[in-house]
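The block underneath contains the structure these notes are about, expressed in C-alpha cells.
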Amino acid sequence: MCGIIGYTGNNKAVPYLLEGLGRLEYRGYDSTGIATTQGNSINITKAKGRLSVLKSIIASKKQSTSTVGIGHTRWATHGEPSTVNSHPHLSRNGLFAVVHNGIIENYKELKSDLQKDGYVFRSDTDTEVIAHLLERNYDGDLVSTVSKTAKMLTGAYALCILCRDFPEKIVCTRLGSPLVVCTGDEGTFVSSDTLAISGHADKVFRPKAGEIILLAKDKVSFFNKALKEIFITPEKLTLKSTDTDKEGYEHYMLKEIMEQPEAVRSTLSHIIKNGRISFDSFSLTKQEAEAIRGIYIVACGSAYHVGVSGKYIIEKLTGIPTHTDIASEFRYRNPPVSKNDLCIIISQSGETADSIAAMKKVKEKGAKVLSLVNVEGSTISLSGDYVIHTKAGPEIAVATTKAYSCQLAVIYCLGVYFSSLLGILSEKEQSRLIEEILSLPETIEATIVATRSKAESLSELFTEKEHAYFIGRGTDYAAAMEGSLKLKEISYIHSEAYGAGELKHGTISLIEPGTMVVALMSDENVFTKTYSNVREVKARSARVLAVSTKKHEHEISSLDHCIIIPDCSSLTVPSAEIIPLQLLSYFTALKRSCDIDKPRNLAKSVTVE
Ligand code: F6R
C-alpha cells in the first residue's frame with residue numbers, strides 16, 4: 001500500500017507530484033504529502049485526508065518554483081491517519097526527507113536505539129526511523145549513506161529521499177516494494193508504478209531489490225549492493241496519459257465495467273491464435289502435463305474467487321485435483337505441495353504481499369509457479385517460472401471488475417489447454433470450446449446491454465438494507481462470493497456468500513421476512529438443487545433476487561425479482577453472470593452516495609500482510 005513519487009527536471013515539480021499522487025491514490029488515500037527543495041532547504045506540506053485537502057492547502061500558499069520533489073499517498077499501517085504521521089518524514093535536523101512504501105519490521109529496535117542517542121520521534125510511523133538513520137549514517141555521499149541505512153532495515157520498502165546538501169537530486173532504493181524510474185524530455189521521475197508518470201516519459205527502468213538509484217534532472221545512475229555503478233537498459237514506456245482518464249464516466253468502476261468486452265478481447269488475442277491456444281511465456285509438453293499431480297490456485301480477494309471458479313472448471317475439464325487457497329492462509333500452513341504440482345498465483349496488481357509470500361513458499365517446495373497477472377513488470381509477474389498477462393489495461397477503481405473478467409477468461413483457456421494436452425478433448429471438442437471462449441467479448445457486451453437498467457432499478461431493493469446473502473452452487477458459488485464482496489466493499493452493506501446447500505447448516509436462522517437473498521442460478525449442473533434452496537429461503541419469507549440464463553426465465557420469473565442473462569455456454573457462463581452483480585453493487589453504492597472508486601479503509605495494491 002501507499003504510493004510514492006519523485007521528480008527532478010527543469011519544470012516545476014509540484015504539478016507533477018500532485019498529478020502523480022492523484023493517479024496513485026488507488027494505493028492508499030488516508031493522507032498525503034510532498035517535499036520539495038528550494039536552495040538548501042526542504043519544504044514539506046502534508047495533510048490528513050484525500051489529496052484534495054493537500055491540494056487546497058498548496059493552492060492557498062505561494063506557488064513553489066522548485067524543480068525537485070517527492071510525494072506520498074498513505075494507507076496507514078503504523079500510526080493512525082493524521083498529519084503528523086503522513087509522509088514525507090524529516091530527519092532530526094531536517095537534513096533528509098523520506099517517503100516510504102512498505103513496512104520496516106525491526107523499527108522498534110531501531111527506534112529505541114535512536115532514542116538512546118537522543119533522537120526524538122514526532123510520529124508513530126516506522127518510516128521516521130529511516131529519516132533519522134540516514135542522518136546518523138550520513139558520510140557526505142548519498143549512495144553510501146543510503147546503502148548503509150538500507151542494510152539496517154528488515155521488511156519491505158521502496159524509498160525516495162531528498163537531502164538538503166544535494167537539492168537537485170533524489171536518491172532511491174527498494175526491497176520487496178515496487179519502484180520504477182522513468183525518463184523523458186520533461187525530466188526524471190520515480191514512482192510506485194508507471195501509471196503515475198504516463199504521458200510524461202518514454203523510458204522505464206525497473207530497479208532490482210537492493211539497488212540504489214541516484215536521480216538527477218538529466219541523468220539516472222544505478223548502483224549495485226557493492227556500490228559499483230551498473231548500466232541498465234530501459235524499456236519503452238507505452239502507457240498513454242489517456243489510460244488514466246475517466247472518459248466521461250462518473251466513476252472509474254463504471255468505465256472499467258464497460259471496458260470488459262475490450263479487455264477480454266485483448267487478453268484472448270494474445271492467447272488464441274489461428275484457433276489454437278498458446279501462451280507467450282508458458283508451455284508444457286504432454287509428458288509434463290501428465291506428470292502434474294495437482295494444481296494449487298492461490299490468490300486473495302476477488303482473484304481468489306476466480307480461483308474458486310478455476311477449481312470447478314479445471315477439475316471438470318482435466319480431472320486434475322485442483323485446490324484453491326487464500327494466500328494469507330496458505331503461506332502459514334504447510335501445504336503438501338511437491339515438485340509434481342503446479343501452482344497458479346492470480347493477481348491484478350502483482351504486488352499483493354500474501355500472494356508473493358505464498359509464491360515463495362511454493363517455490364521452496366520445488367513446485368513450478370505460473371503467475372497470472374495484470375500489471376507487467378510487477379513482482380509476481382517477474383518471479384514466476386511462467387507468466388500469463390491479462391491485458392485489462394490499468395485498473396484504477398479499487399473494486400476489481402475488468403481484471404477479474406480477464407482472469408476468468410484465462411482460466412477457461414488453461415482448462416482447455418491442459419485438457420487438450422492430456423488428450424481428454426477431441427480436436428472437435430477443443431475447437432468448440434475455443435469458439436465459445438472467443439465469443440466471450442460479445443457475450444459480456446450483450447449481458448451489459450441486457451442487464452444494466454434492470455440492475456440499476458433493482459439496486460433500490462438494497463439501498464436501505466443492512467444485510468444481504470448471496471447463494472449459489474458450483475461456479476455460481478464463486479459468483480456469489482464475488483457478488484457479495486463487490487456489494488459490501490463499495491456500498492458498506494453487510495453481505496455474505498454461502499454455498500446454497502450449506503445455508504441450512506446454520507445461516508438459514510438469519511433469514512427473516514424481507515431478508516435480501518441473491519440466488520445465482522446459472523450453473524446448469526446444479527440449477528434444480530439451487531432452486532430447492534431458494535424455495536427454503538422463500539418459505540421463510542426472504543426476498544429473492546434470482547440471476548439465471550434466458551433458458552430458465554420461466555422458472556425464475558415466479559420469484560420476487562430476477563435478472564436474466566443471455567444464454568451462453570456452460571464453460572463461459574461465469575463471465576456473464578458476474579456482470580449484473582457488478583452493476584448491482586455499483587448502482588447500490590451510487591444511491592447510497594458512497595465513494596465508489598475509493599471505498600473506505602481499502603487500497604488497490606495490498607503490499608502489507
Ligand atoms: C476486490 C479486490 C480485491 C483484490 C485483492 C487481490 O474488488 O479488488 O479483493 O482482488 O486485494 O489483489 P490483487 O489481484 O492485486 O492480488
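The values are calculated or read from the model by the stated rules, or taken from the named source; none is laboratory data. This is a predicted model, so every value here is computed, not measured. Quick reminder, even Gly has a Cβ in these numbers, built from the backbone with ideal geometry, and neighbours come from all protein chains shown.
Could you tell me which residue of segment 173-197 is farthest from V14 (Cα to Cα), considering only residues that are assigned to a loop (DSSP other than H, G, I, E, B) and touching a residue at least 60 places away in the same chain (Cβ under 8 Å)? Here the residue is S177.
Is it the case, given these coordinates, that A392 is in contact (Cβ under 8 Å) with a residue 40 or more places away in the chain, not in a helix (DSSP H, G or I) and not β-branched (V, I, T)? Reasoning before the result, please.
On the way: in contact (Cβ under 8 Å) with a residue 40 or more places away in the chain: yes; not in a helix (DSSP H, G or I): yes; not β-branched (V, I, T): yes.
Taking the combined requirement at face value, the residue satisfies it.
Filtering F166, F121 for residues that are under 15 Å from L215 (Cα atoms), among the aromatic types (F, W, Y) and in the same structural domain as F222 (by TED's automatic domain parsing) leaves a single hit, F166.
Given the structure, is E395 outside the structural domain of T322 (by TED's automatic domain parsing) and within 22 Å of M258 (Cβ to Cβ)?
On the way: outside the structural domain of T322 (by TED's automatic domain parsing): no; within 22 Å of M258 (Cβ to Cβ): yes.
Against the criterion (outside the structural domain of T322 (by TED's automatic domain parsing) and within 22 Å of M258 (Cβ to Cβ)), E395 does not qualify.
Let's see how each residue does on (1) in the same structural domain as I493 (by TED's automatic domain parsing); (2) more than 16 Å from the ligand (Cβ to nearest atom); (3) under 24 Å from V264 (Cα atoms):
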{"site": "K551", "(1), (2), (3)": "yes, yes, no"}
{"site": "E555", "(1), (2), (3)": "yes, yes, no"}
{"site": "C568", "(1), (2), (3)": "yes, yes, yes"}
{"site": "V573", "(1), (2), (3)": "yes, yes, yes"}
{"site": "E577", "(1), (2), (3)": "yes, yes, yes"}
{"site": "S585", "(1), (2), (3)": "yes, no, yes"}
{"site": "R600", "(1), (2), (3)": "no, no, no"}
{"site": "S605", "(1), (2), (3)": "no, no, yes"}
{"site": "E609", "(1), (2), (3)": "no, no, no"}
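Limited to segment 248-285, what total is found for residues that are among the hydrophobic types (A, V, I, L, M, F, W, C) and either within 16 Å of the ligand (Cβ to nearest atom) or over 24 Å from T318 (Cα atoms) (or both)? So the count comes out to 5. In the set I564, I579, I596, only one residue is within 18 Å of F527 (Cβ to Cβ), touching a residue at least 40 places away in the same chain (Cβ under 8 Å) and among the β-branched types (V, I, T); that residue is I564.
Among the residues of segment 286-330, the ones that are without any contact (Cβ under 8 Å) to a residue 40 or more places away in the chain, within 16 Å of the ligand (Cβ to nearest atom) and out of contact with any Ser or Thr (no Cβ under 7 Å at 6 or more places or on another chain) come to 5 in all.
Go through segment 92-119 and give me each residue that's touching a residue at least 60 places away in the same chain (Cβ under 8 Å) and aromatic (F, W, Y). Write out each step before concluding.
Let us first name the residues in segment 92-119 that are touching a residue at least 60 places away in the same chain (Cβ under 8 Å), namely 94-103.
Result: F96, single match.
Has segment 470-487 got at least one residue that is modelled with pLDDT of 95 or more, aliphatic (A, V, I, L, M), within 15 Å of the ligand (Cβ to nearest atom) and in a strand (DSSP E or B)? No.
Which residue is modelled with the lowest pLDDT, if the candidates are limited to segment 5-29 and must be among the small types (G, A, S) and either touching an Asp or Glu at 6+ places or on another chain (Cβ under 9 Å) or crowded, with 21+ Cβ neighbours inside 10 Å (or both)? For segment 5-29, the residue satisfying everything is G28.
The residues listed here are L414, L433, L425; of these, the one that is over 18 Å from I271 (Cα atoms) and more than 16 Å from the ligand (Cβ to nearest atom) is L425.
Yes/no matrix, rows are residues, columns are (1) assigned to a helix (DSSP H, G or I); (2) at pLDDT below 95; (3) over 33 Å from the mean Cα position of the chain (by Cα); (4) buried (at least 22 other Cβ atoms within 10 Å of the Cβ):
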{"site": "S541", "(1), (2), (3), (4)": "no, no, yes, no"}
{"site": "K551", "(1), (2), (3), (4)": "yes, no, yes, no"}
{"site": "I564", "(1), (2), (3), (4)": "no, no, no, no"}
{"site": "L571", "(1), (2), (3), (4)": "no, no, no, no"}
{"site": "I578", "(1), (2), (3), (4)": "yes, no, no, yes"}
{"site": "Q582", "(1), (2), (3), (4)": "yes, no, no, yes"}
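Checking L159 against (1) surrounded by fewer than 22 Cβ atoms within 10 Å (Cβ to Cβ); (2) touching a residue at least 60 places away in the same chain (Cβ under 8 Å), which test does it fail? Answer for L159: the failing condition is (1).
Could we say that I380 is assigned to a helix (DSSP H, G or I), within 14 Å of the ligand (Cβ to nearest atom) and buried (at least 19 other Cβ atoms within 10 Å of the Cβ) here? It is true that I380 is assigned to a helix (DSSP H, G or I), within 14 Å of the ligand (Cβ to nearest atom) and buried (at least 19 other Cβ atoms within 10 Å of the Cβ).
What helices (runs of 4 or more DSSP H) lie completely within segment 299-372 and have 3 or more residues being within 22 Å of A289 (Cα to Cα)? Lay out the reasoning, then the answer.
Working: elements: 301-318, 327-330, 353-364.
Output list reads 301-318, 353-364.
V369 passes every criterion in (1) within 13 Å of the ligand (Cβ to nearest atom); (2) in contact with a strand residue (DSSP E or B) (Cβ under 8 Å, 6 or more places away or on another chain) apart from (1).
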